[in-house]
Amino acid sequence: MTTIQINMHEAKSSLSQLAEKAWSGDKIIIAKAGKPYLDLIPHKVNSQQRKPGRYKGKIEISKDFDQTPIDIIEAFEGNS
């Protein structure tokens, strides 16, 4: 894997070549004013489709979840 840093103007004129390099595993950094600005990465389709409800019954919320202790409230309000 090679890291390539290229300025924005050069990247505009060679986007196709940069895209091919990104797909082949190179890390492409597009710079603006000499500083890293964007990373060019290949789009990969998520191979695992989201399955709603897969954590049902596995997560438990505490009964006092909505009750914030007074000392914490005071600390946030600057009263401690």
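The values are calculated or read from the model by the stated rules, or taken from the named source; none is laboratory data. All figures in this text were calculated on a predicted structure; none of them were measured in a lab. Backbone-built Cβ (ideal geometry, glycine too); neighbour counts: all protein chains shown.
Take the conditions in contact with an Asp or Glu (Cβ under 8 Å, 6 or more places away or on another chain) and at pLDDT 90 or above and apply them to residue 59. Does it pass? It is false that residue 59 is in contact with an Asp or Glu (Cβ under 8 Å, 6 or more places away or on another chain) and at pLDDT 90 or above. Flag set for residue 31, criterion: in contact with a helix residue (DSSP H, G or I) (Cβ under 9 Å, 6 or more places away or on another chain) and outside any helix (DSSP H, G or I).
Does the range 12-33 contain at least one residue that is touching a residue at least 24 places away in the same chain (Cβ under 8 Å), under 21 Å from the mean Cα position of the chain (by Cα), at positive phi and exposed (fewer than 11 other Cβ atoms within 10 Å of the Cβ)? So that I can check it myself, show each step before the final result.
Step one: list which residues in the range 12-33 are touching a residue at least 24 places away in the same chain (Cβ under 8 Å), which gives 25-32.
Retained after the next criterion (residues that are under 21 Å from the mean Cα position of the chain (by Cα)): 25-32.
Pick out the ones that are also at positive phi and you get 25.
Then drop every residue that is not exposed (fewer than 11 other Cβ atoms within 10 Å of the Cβ), which leaves 25.
Yes; the residues of the range 12-33 include at least one that is touching a residue at least 24 places away in the same chain (Cβ under 8 Å), under 21 Å from the mean Cα position of the chain (by Cα), at positive phi and exposed (fewer than 11 other Cβ atoms within 10 Å of the Cβ).
Here residue 77 meets the list (1) at pLDDT 95 or above; (2) surrounded by fewer than 10 Cβ atoms within 10 Å (Cβ to Cβ) almost entirely, failing just condition (1).
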